[in-house]
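Report on one structure; see the data block that follows.
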Amino acid sequence: MAEAAVQTRVAGARVRSRMRRRRSPLGVTGRYALLVGIALVYVFPFVVSLANSFKTDQDAANNPVSLVPKTFTTAAYQRLFQSDLPLWLTNTVIVTVLVTAGRVLFDSMAGYALSRLPFRGRNAVFAGLVAVMAVPGVVLLIPKFLVIKQLGIYDTYPGMILPMLADAAGVFIMRNFFESVSPSVEEAARIDGAGVFRRFWSVVLPMSRSALITLFILSFQASWNELPQMIVSTQSPRLFTLTKGTAQLASGALSAGSQFPIKLAAATLMTIPVAVLFFVFQRRMMNTTGGATKE
Amino acid sequence: METVMARAAGTTSAPARSATRRGPGIRGRDGVAGWLFTAPVLVILGLFLVLPIAMAAWVSVSSWSGLGSPFSSTVKFVGGANYAALLAKPGLAQSDFGTSLRNNAWYVLLVVPVQTAVSLLLAVLVNRRIAGQGAFRTAYYFPSVTSSVAITVIFLFLFSASGTVNAVIGWLGGTGPGWFTETRGVVQLLLQAVGVHAPAGNGFLGLTWFDWVAGPSPAMLVFIVMAIFTTSGTFMLIYLAALQQIAEEIDEAAVMDGAGPWKRFWYVTLPMLRPTTFTVVTLGLIGTWQLFDQIYVGSKGGPANTTLTPAYLSYSQSFINNAWGRGAAIAFILFAIIVLFTVLQRLALRERTPRRRRSHG
């Protein structure tokens, strides 16, 4: 038995070393060239955007390829900050904070109930969530507007925020998470006489940090980048978010091509928070594999 | 917050206290708590997802013009008139809708296969343990997390008449097209280059057959490239997760049998990835039929409606033209198209995999 195991291991090592040698049909250099080449293509648009946002309108129109501004200027950023950008930023922050908080709380509560609390109608609720997830978001543009208008919350913060406060996919993530962890600690708390809410708040949530962070990242990114919901729930410039404001900026002088630095500056600015979040949590965001990617 | 919760726990569950002692019961404290815990999500989704669909279903068979409530007595039931205007009655509404379907169909046809192939390639490339693996993954995934608005703005600059792409084409001695002004399809442009011109003739949904095969306009091509750029990172992660679940032993066994890298990929890896490919293609189909943000930001359907999509048309018919019934009808037809494609694709990919069960999502 032990001998067989050793033999397998030796054979495995031999194969692995053979694989290492014949790993790639391209060879190591070819593989790296490909990896770097593709990476450049993926990064290039962002670099171009950043570089051109510091150019003058004239310079950006005449030298669109150059990554070094002829005369370095922050004029585009200054103009943005003197105009409505601070307002857009405020609105986006309000929406993002409330939506993210709401989703993290409500989705984890519902996910917990669907996994742990056996209540009558649970299966029906679950089936309903699956059905809701299957509805394509864009199909709901007009319908959402109709309800928002009917409820009298059109062109208000509640109209922008309430419809995004929960999402079926988030509930799903949390439910799957709770399904994957053992309920033994909660059981101990239950025996100690802790009620459902106390168990959830003081025992379950602290244990669910990793899933909550995932949910936080997804919610933050989704609400920060949301455009269609803002289009159908508001019209007054007072309520423009970064996405809607920048979208309006982009379609303003489409063909002129001379105002690009200010548009690119807005695009760059709205990318920064998501980029920061991405770099802080990049391991978690890209760790779909549960630790198999350790380097 | 904590005290509120604790107090709530105390009050709501007082009558059911004895039930808990007997363990979890459907009617006990957990039963009440189950509904309380799911209530916020149910209220929000019910109010902003289920109810809207019901309201829109009514609007799609009504004459509502956007003024007042769609349920007021002046709004009339018009039956299938809105649907007929789009599908059966020749006219502007029909040809606009046909155009939007044509545009989006080309988009789907080109984006889905390419993004699937590119994401698989990226996943295979970054799956091996190599120096800088994390940095490469980051670079490929980053476009997927950035806002569609920001990326559209950047691509508008790259592909503007005096933009980066045309400047590079210029260096190479060519002349770039007016990406956002050229209204002919790329297939049409290629055909014209060899002397074939548009024949007259009848067609389908207000477009001639030639219009249908004329291909995406250069502007649509920009959106196609952009979609591949922004989605391949996400799908790369899905493939990567699947690749790492393929046991190393299987690959090793194939090596023992003397299979080279290409053979291993085609005959071992790819078949094992079929469930993942199914997921990626399904998500791709669902996503690509919903092209909206980029059009809203980038082109508003122009030039000459060549980037009009059903999703954008549904929006513009309602919010700009006040033809709410027609806009809602387009949304429902789009929904049907997405369901149809998902089902068709399911049938097509299921057929050849009778043995393997899905082992992971």
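Every read-out reported here was derived from the displayed coordinates using simple, explicitly stated rules and does not represent laboratory data. Predicted model only: the values in this text are computed from it and were never measured. Positions of Cβ are generated from backbone atoms using ideal geometry, with glycine treated the same way; all protein chains shown enter the neighbour counts.
Ranked by the mean number of other Cβ atoms within 10 Å of their residues, highest first, the peptides B:325-331, A:55-61 fall in the order B:325-331, A:55-61. Peptide B:75-87 has a mean of 0 when you count, residue by residue, the C-beta atoms of other protein chains within 10 Å of its C-beta.
A Förster radius of 22 Å combined with the Cβ-Cβ distance from A:Val47 to B:Ala161 puts the calculated FRET efficiency at roughly 0.55.
Can you pick out the pairs among A:Lys149/B:Lys300; A:Lys144/A:Lys244; A:Lys144/B:Lys89 whose Cα atoms lie more than 22 Å from each other?
Going by Cα-Cα distance, A:Lys149/B:Lys300; A:Lys144/B:Lys89 fall outside the 22 Å limit.
Using a simple spin-label model with pseudo-atoms 7 Å out from Cα toward Cβ, A:Ala131 and B:Thr183 lie 4.5 nm apart. Residues in region A:215-230 carry Karplus couplings, in order, of 5, 4, 4, 4, 5, 4, 4, 5, 6, 5, 8, 5, 10, x, 4, 6 Hz; the curve used is 6.51 cos²θ - 1.76 cosθ + 1.60 with θ = phi - 60°, and Gly or Pro positions show x.
Per residue of peptide A:224-234, the mean number of Cβ atoms on other chains within 10 Å of the residue Cβ is 4.
Which residue, B:Gln115, B:Gln133, B:Gln188, tops the fluctuation ranking in a GNM of chain B built on C-alpha contacts under 10 Å? For chain B, modelled as a Gaussian network with Cα springs under 10 Å, the answer is B:Gln133.
Report summary: the helix-based calculation at 222 nm, which adds -39500 (n - 2.57) for every DSSP H run with n ≥ 4 and divides by the residues of chain A, gives -22000 deg cm²/dmol. Compared with the alpha-carbon gap, the fully stretched path from A:Glu179 to A:Arg209 is longer by 9.3 nm at 0.36 nm per residue.
Over all projection directions, the Cα-based convex hull of chain A averages an area of 24.6 nm².
The H on the amide N of B:Ser62, modeled in the peptide plane, is under 5 Å from the matching H of B:Val78, each at least 5 residues off or on a different chain.
Karplus-derived 3J(HN,Hα) values for region A:144-149, using 6.51 cos²θ - 1.76 cosθ + 1.60 with θ = phi - 60°, are 5, 4, 4, 5, 4, 5 Hz; glycine and proline are entered as x.
Multiply the residue gap between A:Tyr32 and A:Thr73 by 0.36 nm, knock off their C-alpha separation, and tell me the result in nm, one decimal place.
Details: separation 41, 0.36 × 41 = 14.76 nm, distance 3.63 nm.
Working it through step by step, the gained length comes to 11.1 nm.
Maximal additional length on extending the A:Leu87-A:Ala188 stretch stands at 31.4 nm, based on 0.36 nm per residue less the C-alpha distance.
Ordering A:229-237, B:302-310 by mean Cβ neighbour count within 10 Å, with the highest value first, yields B:302-310, A:229-237. Averaged over the residues of A:106-119, the number of partner chain Cβ atoms lying within 10 Å of the residue Cβ comes to 6.
The 3J(HN,Hα) values that the Karplus relation (6.51, -1.76, 1.60; θ = phi - 60°) gives for region B:129-145 are, in residue order, 7, 9, 5, x, 3, x, 5, 5, 4, 4, 4, 6, 8, 3, x, 6, 9 Hz. Gly and Pro appear as x.
Label point of B:Val194 set 7 angstrom out along Cα-Cβ; within region B:89-109, no amide nitrogen lies under 18 Å from it.
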